[in-house]
Structure formats: structure tokens, C-alpha cells
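K.L.:
Here you go, one structure.
The values are calculated or read from the model by the stated rules, or taken from the named source; none is laboratory data. Predicted, not measured: the structure shown is a model, and the values here were computed from it. Cβ coordinates were reconstructed from backbone atoms using ideal geometry, including for glycine residues, and neighbour counts include every protein chain displayed. Heavy atoms of the whole protein, side chains included, go into the accessibility calculation; ligands, DNA and RNA do not. Shrake-Rupley method; radii C 1.70, N 1.55, O 1.52, S 1.80 Å.
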Amino acid sequence: MGGASDEEPPSKRVKASSTDHRGLSNGKLPKEPSSFSFSASMARPLALQDDDEVIGSKGVKKVEFVRIITEALYSLGYSKTGAYLEQESGIPFHSSTVTVFIQQILDGSWDESLTSLHKIGIVDETIIKLACFIILQQKFFELLDGEKTMDALKTLRTEIAPLSINNIRVRELSSLILSPSPRIIDGISGLELTKSKPRSELLEDLQKLFPPNVMIPERRLLQLVEQALDLQHDSCLFHNSLVGETSLFIDHRCGRDKIPSQTVQILQEHNDEVWYLQYSKNGKYLASSSSDHSAIIWEVNPDGRVSLKHKLIGHQKPVSCVSWGPNDDQILTCGLEEVVRRWDVSSGECIEVYEKGIIGTISCCWSPDGKSVISGLTDKTIIMWDLDGKEMECFKGQKTLRISDLQMTNERKLITIWKENSILILDIESGDERCIKEDQSIVSFTLSGDNKFLLVSLANEELHLWSIEGHFRLISKYRGYKRSRFIVRGCFGGFQQAFIASGSEDSQVYIWHRGSGELIETLGGHSGAVNCVSWNPSNPHIMASASDDRTIRIWGLNHHHHHHHASDTNSKTCIHYCNGSS
């Protein structure tokens, strides 16, 4: 018994038996050339081929290689070319039984497809039962769509239920007999399912279930090519470009010119040591803070150069750090052992001041929804305020140090240095506490953009990369920078955050390849300790560094040439054409 007919054209190109269509392209038959014999087009049986013949130096099986190429041709719409390849190679894309099965699914011949399913070479009975369930569920939905309620009920009772695959799903399907409104989530795609799907999509679901030697995964050749490109990118120390710039014609290799290593601008608006800086999440702004009691919001121009937007005045003590709001429209500044201030980025006005009596603040950050402000206090507790300054929660006991970074993940996990050699990760919702313990004193840390990794700077002049997803794991170590007395901070950066950068007390910026741990650049130009670096998240070719020499340097690519404009002559902002020289 077949199901209701379906005019939905299949999206895959398939090879049929001699009694069926050889190839399908969007449901249409490919036109045969006049000299092409349909009976001669059939490839020799797969069993007659030498399945063990290999090509290349890596032992690639010729049969698998040709079948993958054939699948690629059909998926690209080259149905006649795919058929010619099958004919000339003698290697069929699918076995004749699989081809018949595919056509039966597309035709809605459900009973016949169940018979063929047991003949296509699947050994695992569990997979066969799951495939039966998927096919019969489609039959059930199509019967309901055709208003054949009694036939649908019969299919449910006599064919689906006896499989004993998913009793909960069976009850959900039975509820559709009574009411068509309940929500059912498809077990394969995870999407809501309340009616039949196109049969081509049903085939895709079955393909994901079947062993790859029975039905080749869709776009398998493209997947292999992309994997090869990923491996080349991962092994390239200087890969810092968009994927679209990669060519298949040559092996991928980037040069050093892809790394920001040339000073293109020096900012001299601060009157004392620059302690902290951070690009906004959208890369349109840069914020810096200084021991001159001020913070500055800089606007980033399309060419990467920056201009002063607002100087934030109001703190009575050095400003230790800044924190951008989730939407980049507001920013927090933390006065060292003083107060936290919230500013409007557009106007530069102070909106709110957060303070706890005579207890000073040492760090600050936002909640991921932007509805609350968190700060570490000099009494080593952590406090959470709402935007209006009302205290929402106080985490008492030693939760932080007098000198500590503070960040919160998108899952509302608070991260802070709570002991000299330990980082605390506190789940705000559950109260669970976990910690990362180092053998050396911790100087600072930075959270990756995807919230999966933590970059920890240590007193022994090492940077440690930790995975904080699930079980905490130390991934990599980076060495070379100098640190003895001051706080220096590192950052993630570049295309797909493939690099690690750090300040250093020897007045240089250090850059490592994140995957290999190899030091690839040392940037000179500052005349004092480099306290902090930040990589523009929207432009992998731009980076900034803050120094005790009272300046901020903007770093760009070597082949970028910026012209000095007359309007800049009266500004303290200087354009530089190479490291350390005007």
C-alpha cells in the first residue's frame, strides 16, 4: 500500500535502476544526448569492480573516490556528467537496490520502500527499525494531510506502534488524530513538526541515519575540501584573513604582512600612565583609562584610525579599568578603591554612580543582559547593583582580591581572582563554585569572545590558556613576555581569535599563534611598560596597546599607508609610518 502522492520535487540528484530514472535534478529528467544509449548508460555492477584498488600515496580507495566525485556532480546539478562518469568508470553512484529504494521514497511507495530497506545492506537492526519509524511517520502524516484519518489510525496501530521505538512519540502522533494542534518536535532536525515534510527532506533524514557506504553523505567532497582548508589555516602561523580569500589552486600560506605590526597612530591625550584599554564589541569605539583620573572614548574610523569622542571626567582617583555594555551604548569605569561610574557613550554624560559607603571598588563588569552592574570591593566581597544603583545581591566572604579582574559569561558565571593562585568561577543562578588553580601567582585574566576559554597571565612570565567548558583543562602555554612588578594584560585577537597578544614590562607587545604557541611577533615602539593590549573584534588587522609612556599605539598592517592630513597638525594625535618613528 503506497501513501498519498506528493508533487514536491526532490532536491537531490539520484541514480535509478534501468526501470527508473537514472538521475534527478530538482525533480526533472536530464535530457539525453542523441548518441547516448539509455541501456548502455548503466554502470557495471559494483561487485565486479576491484573494491580494494587504491590511488595516491595515502591508500585512497578508488571506488569511494569516484563515488564521492559522482555525488558532487549530481549535487551541483551536473546530472548528465555524473551519469557519464558512472558509465565510463563502471562504478555506480548507488547500488541498484538503493536506487530503487530512493525512487520509492520519492514516489511515496511506502510499503515497497520498507521491503527494499531490508535489502540495501544495513546490518544493524536498530538502524532498520529507526528508518522504518521515520518512513511510517511520513506515511502517517501524508494520510492525515489527505484527510484519510482512518487509514492514518490503522498505520499508527498496526505498523508504527508494533515497532516499539518511541512510545512517547506514538502517543503524540495519536493525539493528532483527535486534534491537529499539538506541537511535536522532530527527532532528526529538532524542529517543530505537525505535518508531513517534503520527501526530499525525508531522504536527507534517512541518509543521516544510514551508514555512509550505503548512502554517501550529502556534499561529502565539499566537506573534505573544507576540512583540508581548515587544516591548512590551522597550521598557518599568520592566517588572519577571511575564508573567502582562500584559493583551492594553491596550498594556503599567509605572510607576516597579515599581522598588525606597524604603528599607524599614536594617541597622546592622557596625561599619565595608560593602564587599560578595550575595543567595543562592534569595533566602532576604543575606551582607555589612566592614572590621570580620566577615561577616554575614542571613535574608530573605517580606516582603523581613531579620534577622540569624549573625555570622561569625574573620578577622584586613577581609573583602573573600563567595561563596555552589551550593546556598546554605555560603558563602566572603575576608580581604583573609589566608585564605579556608568556613562552614556553618545553624549559622554555620567548616568549613575555605584558606591558602597566607605568601601572602595576595585573592578567592574556588566551582566550579560545589561540590566545589572557587578563590582569587586576592597573588602574582598562582590556586589551586584541594578542600573539605578540599588543593591541586588552581595557575595560575602573572600570572593576577590584587592587587585583583580572581574568578568561574567553569557551563562551568568562570574569569574574573579579570589586567591593569589586561584580563579573562582561562580554560577550566579545555582551558587555553585569552581576554581582554576595555578602553581604561580595570577596577575590578570581575559575571557574569550565565545566565553569558552580563559587567558591567564602569571607572575612567572607565562600565559596559560584554559578551556572552561565542562571539565577545566589547560590547553596551551605562551612564553616570552616580561613581567616583574606591574599588572600586564593579554588578549585574544585576529581572525577567529587565532592569536594571543600581551603587554610586557620591556616596552614591547608580544604576539603568539594561539594553536601552536609559537611567538610570531615582538613589536617595539613604546618607551615604557605596556600594560594592556586590545585587538579590534571587527577588524583583525587593527590592534591597540596602552603604556606607562602615557601613549596608546594603534597597530596596523605593514602595507597600509596612512596620509597625514592638515587637520591633524594641531592635534596630539600623530600618524606614524613605522614602529617608533614619525
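K.L.:
Quick one: which residues, 5 or more positions from Ser372 or on another chain, have an amide H under 5 Å from its amide H? H modelled 1.01 Å from N in the peptide plane, none for Pro or chain starts.
P.N.:
Distant-sequence amide H within range of Ser372: Ser367.
K.L.:
Contact order normalised by length for region 404-505, with contacts defined as Cα pairs under 8 Å and 6 or more residues apart; what percent is it?
P.N.:
The value is 17 percent.
K.L.:
Now for a different question. So, for region 219-306, what is the accessible surface per residue at a probe of 1.4 Å, expressed in square angstrom?
P.N.:
It amounts to 49 Å² per residue over region 219-306.
K.L.:
Determine the share of region 263-363's accessible area contributed by carbon and sulfur atoms, expressed in whole percent, with a 1.4 angstrom probe.
P.N.:
Exposed carbon and sulfur together represent 44 percent of the surface.
K.L.:
Ignoring ligands, DNA and RNA, how do Met392, Met543, Met150 rank by accessible area with a 1.4 Å probe, largest first?
P.N.:
Per-residue accessible area, sorted high to low, gives Met150, Met392, Met543.
K.L.:
Any idea how far apart Glu125 and Glu53 come out in nm if each label point goes 7 Å out from Cα toward Cβ?
P.N.:
With each label placed 7 Å out from Cα toward Cβ, I get 3.9 nm.
K.L.:
Report the gain in length on full extension from Asn213 to Thr149: 0.36 nm times residue separation, minus Cα-Cα distance, nm rounded to one decimal.
P.N.:
Value of the extension gain: 19.3 nm.
K.L.:
I would also like to ask the following. Can you work out ³J(HN,Hα) from phi for every residue in region 474-481, in order, using Karplus 6.51 cos²θ - 1.76 cosθ + 1.60 and θ = phi - 60°, giving whole Hz and x for Gly and Pro?
P.N.:
Result, rounded to whole Hz: 7, 9, 8, 10, 10, 10, x, 6.
K.L.:
Accessible area per residue of region 343-389 at 1.4 Å probe, in Å²?
P.N.:
On a per-residue basis, 38 Å².
K.L.:
Moving on. Sort 261-267, 86-92, 443-449 for me by packing, meaning the mean count of neighbouring Cβ atoms within 10 Å per residue, highest on top.
P.N.:
The packing order, highest mean first, is 261-267, 443-449, 86-92.
K.L.:
Order the peptides 507-513, 203-209 from the highest to the lowest mean number of other Cβ atoms within 10 Å of their residues.
P.N.:
My ranking of the peptides, most packed first, is 507-513, 203-209.
K.L.:
Still on this structure, please answer the following. Starting with the highest mean, order 279-287, 107-115 by the number of other Cβ atoms within 10 Å, averaged over the residues of each peptide.
P.N.:
Packing proxy ranking, top to bottom: 279-287, 107-115.
K.L.:
To continue, here is another question. Enter the accessible area per residue of region 430-554 (Å², integer; probe 1.4 Å; all protein chains in place).
P.N.:
37
K.L.:
Let me ask you something else. So for the pair Ser441, Asn460, with labels modelled 7 Å out along Cα→Cβ, what separation do we get in nm?
P.N.:
In this crude label model, Ser441 to Asn460 measures out at 1.5 nm.
K.L.:
If you don't mind, there's one more thing I want to ask. Leaving ligands, DNA and RNA out of it, rank Val54, Val274 by accessible area with a 1.4 Å probe, largest first.
P.N.:
Ranked from most to least accessible, the order is Val54, Val274.
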